[in-house]
Structure formats: structure tokens, C-alpha cells
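Asks: Let me give you the structure first, and then I'll get to my questions.
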Ligand code: HXC
């Protein structure tokens, strides 16, 4: 994959997408969003990948949508720009394989929203989170008003959005916005370790679990448990189910084949 504002690398079963516009602290302009959209499509088609890590180059994860680009938008153009980001982040969220945000620095506005579109977030001690949009006279527009409240509850979501206050990694951990905080030097190693651990489990089972969680979150509990019932049953149609259970009974560890 050849892009100008993002980088993609692949090692074994793990892919890594790095937002790479370090001079603008990886702010998301239209080009980054278009390239991200195309990269996600290609990743979704890659049958060898089992986990995706998303991170930022340099001292920032993503410092938000590009304020310079947004500053001159008309209402209709603003709506279109919002739609572009919303569509790309929905694609990230709906990616078949699990995604981990490795939050290495600023995750503000669209950056926090990108991190929230991933399945979970591991932050370095230097990470900073927030939805500063109201301080710019706009609302969050890449999913912040919706995903933040689903992750941390309405109280903290409203607190963060109305005050436009940024919070450090330890506070983000306390409110459940991130799952773990590690030192700057440890971040890559820890995220890679988690990615490898996920990749070593049954890949179809992991993907079906993601589908069950994401689909179930949007429907009532009776429909949600039906989704689980169906996908649980489906997992018994895989060779990996046989490998996994056989390995357990023989006191070994399965080498899952993604079949
Ligand atoms: C465009 C940005 C940017 C952004 C930083 N830069 N954030 N450019 N859009 N979101 C640029 C700066 O203009 C500067 O460029 C360079 O990156 C370095 O930034 P500095 O401000 O000099 O760095 P520092 O003093 O360390 O401050 C870092 C910072 C600050 C705290 C992250 O840059 C900041 O507050 N940025 C804006 C954060 C923000 O409000 N994000 C939300 C955006 S709204 P030059 O050329 O001067 O060197 C949003 C809406 C999403 O995300 C939904 C839209 C529909």
C-alpha cells in the first residue's frame, strides 16, 4: 500500500497503520481520511491479517481534524467533511479483525474519536485525551457525541464535551476510556504483545466474537443473545474449533488455521 499521509506495515498476522503527518501533529485533513478509508478497505480484504494496530508518528496520536482545512468550510461543506470522517471511522469500527489504538500522544477531537473507533485503547503516560471542539465553536463531528458516552457514560462524556477540558492518561484509565497505561518506552512492546496474544487465538472465533459484541450492542437483549447463539453455533462449523478443543484435551496449544 502506497500512501503519503499514512504508513502501513505488516509483520506476520499483525498489521500496523501509522498516521503520518507529524508536522501538523497528524491532524486529519481530507487526504488522510481518504487514504485511511482506502487502507481499511484493503486491510479488510487481507485474509492473513488477524489484528490491526493504529498509532501516530512522532509525539502525537492525532491532534484532531485539520482546523486549517475546516476554518473556511460552508455549512454544506462542513456536513460533507463530517460525513467523510464518520464513514471512515465507522469502517474502522466495523473492520472484521480486532483493532488496538496505541495512543502515543495527543488524542484530541478527531484523534480521540479515531481511538474510540478501535476495539480498545492502550495509552502511553504522555497521552492526552479530549474533545476540545466546543472551544472552537463546533460540536464533535466524527462520532464523539455518541461513542464517548457509550464508553464512559453520559456524565463524563458531557463533562468532557461541555468543558473542552483535556485529560491525561491516568484519568482516561480511571474513567474507562483506555484499558491500560504504560511508559512511553513500553508502548510498542506492550501493544505488540497484546496483538500477538489475540493473533494466537482462533481467528474466526475472535472475529465472530467482535461481530457478536458490536451487533449485540445495538439491539435489545433478547435479540442480542440470539446473535450470540447463532454465532456460537457457527463457530462449531470451523476446523479451528476442532483443533482448539483437541489441543486442550491433549494438553497442548492449537496452531489455528483460520479455517
Ligand atoms: C491543524 C494542527 C492541529 C489541528 C496541531 N496542528 N493540531 N493543525 N489542525 N487539529 C499544527 C499546529 O498548527 C502547528 O503547526 C503544529 O501542528 C504543531 O502544533 P503546536 O500547537 O505548535 O504544538 P503544541 O504547542 O505542542 O500544542 C499541541 C496541541 C495544539 C495542544 C495538540 O496543537 C492543539 O491544541 N491543537 C488543536 C487540538 C484540537 O483542538 N483538536 C480538535 C480539532 S476539531 P505550525 O504550522 O504552526 O507549526 C476536531 C473536530 C472533529 O477534531 C470533527 C470534525 C467534523
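Asks: Would you mind pulling out the separation of the Cα centroids of the stretch 54-110 and the stretch 153-207, in Å?
Replies: 17 Å
Asks: A further question on this structure: Once the cut-off is 20 Å, how many percent of the Cα-Cα pairs in the stretch 43-160 end up in the long-distance tail?
Replies: 43 percent
Asks: Report the per residue volume, in Å³, of the convex hull enclosing the C-alpha atoms of the stretch 194-259.
Replies: 90 Å³
Asks: Rank 74, 235, 94 by mean-square fluctuation in a GNM of the chain with C-alpha springs under 10 angstrom and give only the top-ranked residue.
Replies: 74
Asks: Which one, 119, 45, 220, has the greatest fluctuation when you compute a Gaussian network model over the chain with C-alpha springs under 10 angstrom?
Replies: Among 119, 45, 220, the largest GNM mean-square fluctuation belongs to 220.
Asks: Right, here's the next one. Relative to the longest principal axis of the chain, what angle (0 to 90°, nearest 10) does the C-alpha long axis of helix 30-45 take?
Replies: Approximately 0 degrees, to the nearest ten.
Asks: Per 5 Å bin from zero, what fraction in whole % of the C-alpha pairs of the stretch 141-182 is there, up to the bin with the longest pair?
Replies: 6, 23, 32, 27, 10, 2
Asks: Also, quick follow-up: Give me the percent relative contact order of the chain, please, defined on Cα pairs under 8 angstrom at least 6 residues apart.
Replies: 15 percent
Asks: Something else: Once you keep just the Cα pairs under 8 angstrom separated by 6 or more residues, what percentage relative contact order results for the stretch 38-164?
Replies: About 25 percent, as a whole number.
Asks: Taking the alpha carbon gyration tensor of the chain, what are the square roots of 5 times its eigenvalues, largest first, to the nearest whole Å?
Replies: Equivalent ellipsoid of the chain: 32, 20, 18 Å, largest first.
Asks: If you take the beta carbon distance between residue 3 and residue 255 as r and set R0 to 45 Å, what does 1/(1 + (r/R0)^6) give as a FRET efficiency, to the nearest 0.05?
Replies: Efficiency at R0 = 45 Å is approximately 0.85.
Asks: Just round it to a whole percent: the fraction of Cα-Cα distances in the stretch 108-238 exceeding 18 Å. Intermediate values should be presented prior to the final figure.
Replies: Details: 5251 of 8515 pairs.
Tail of the P(r) past 18 Å holds 62 percent of the pairs.
Asks: What is the antiparallel percent of DSSP beta bridges lying wholly in the chain, to the nearest 5? Working shown, then result.
Replies: Working: 8 of 30 bridges.
Antiparallel bridges: around 25 percent, rounded to the nearest 5.
Asks: Shifting gears a bit: Please report the relative contact order for the stretch 187-250, taking Cα pairs under 8 Å with a sequence separation of at least 6, and give it as a percent rounded to a whole number. All intermediate terms of the calculation are to be shown ahead of the outcome.
Replies: Working: 25 pairs, mean separation 19.2, N = 64.
Result for the stretch 187-250 is 30 percent.
Asks: Translational diffusion coefficient, Stokes-Einstein: compute it for the stretch 95-138 using the Kirkwood radius over C-alpha pairs as Rh, at 4 °C and 1.567 mPa s, and state it as an integer in µm² s⁻¹.
Replies: Details: Rh = 11.0 Å.
So the translational diffusion coefficient is about 118 µm²/s.
Throughout, read-outs are computed from the coordinates displayed, never taken from laboratory work. Note that the coordinates shown come from a computational prediction; the quantities given were computed from them, not determined experimentally. Neighbour counts run over all protein chains shown; Cβ positions are idealised from the backbone, glycine included.
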